[in-house]
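Have a look at the structure below before the remarks.
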Amino acid sequence: MFYKDERLALFIDGSNLYAAAKALGFDIDYKLLRQEFMRRGKLLRAFYYTALLENDDYSPIRPLVDWLHYNGFTMVTKPAKEYTDSQGRRKVKGNMDIELTVDAMELAPRVDHIVLFSGDGDFRPLVESLQRQGVRVSVVSTIRSQPPMIADELRRQADNFIELDELREVIGRPPREPRVEREEIAVEAK
């Protein structure tokens, strides 16, 4: 439930939202996402949180981060930490929970409604605290994937749960046509 005159803020846990959309088989069009929530209320801020690999020559997320930064999103990034686990596998760690929590707590007195794009159960105490401050909290994630991408305790705590799959038609990017190789085109022309 949204009210036209309420002040909104979006808090997007980038890796969590990406994983949920991928599990449902679609890509998010962030321009459409921002427009959808501007339509639902007075959008004050749209935060996007992600960790970046600093030492890679090319990071696949860098173009998205740059685009979001130039198109009305407040980007919150930090370097991801690389380490080797006990089996010798290269792992990357880049948790943004604390940054998101601090920003949400600081903005709470200035908003009526926060929309959290994450299914991470670690955010349940944040949602509870925001609610005690009089802020309504909607959580966007999915229960339609296997396994569900939202922690049950977070879903129960939220004032409103928005199924990401139900936003597919509104914020989903159209599927890309598979690339046809030049050789296939030449064969068809003969």
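The values are calculated or read from the model by the stated rules, or taken from the named source; none is laboratory data. Given the structure is predicted, the values throughout are model-derived calculations rather than measurements. Quick reminder, even Gly has a Cβ in these numbers, built from the backbone with ideal geometry, and neighbours come from all protein chains shown. These area figures cover heavy atoms from the full protein model, side chains too; ligands, DNA and RNA do not enter into them. Shrake-Rupley method; radii C 1.70, N 1.55, O 1.52, S 1.80 Å.
If R0 equals 41 Å, the separation of the Cβ atoms of ARG62 and ILE143 corresponds to a calculated FRET efficiency of about 0.85.
Return a whole-number percent for the relative contact order of region 3-136, with Cα pairs under 8 Å and 6 or more residues apart as the contact set. Can you show the working numbers first?
Numbers: 179 pairs, mean separation 43.6, N = 134.
It comes to 33 percent, rounded to a whole number.
Here is how the number arises for the chain: DSSP H runs of 4 or more residues each give -39500 (n - 2.57), the sum is divided by the residue count, and the result at 222 nm is -10000 deg cm²/dmol.
Per-peptide packing, taken as the mean over residues of other Cβ atoms within 10 Å, places 91-99, 107-115 in the sequence 107-115, 91-99 from highest down. On a per residue basis, the chain carries 61 Å² of accessible surface, using protein heavy atoms and a 1.4 Å probe. Split the accessible area of the chain by element, probe 1.4 Å, and carbon with sulfur accounts for 49%.
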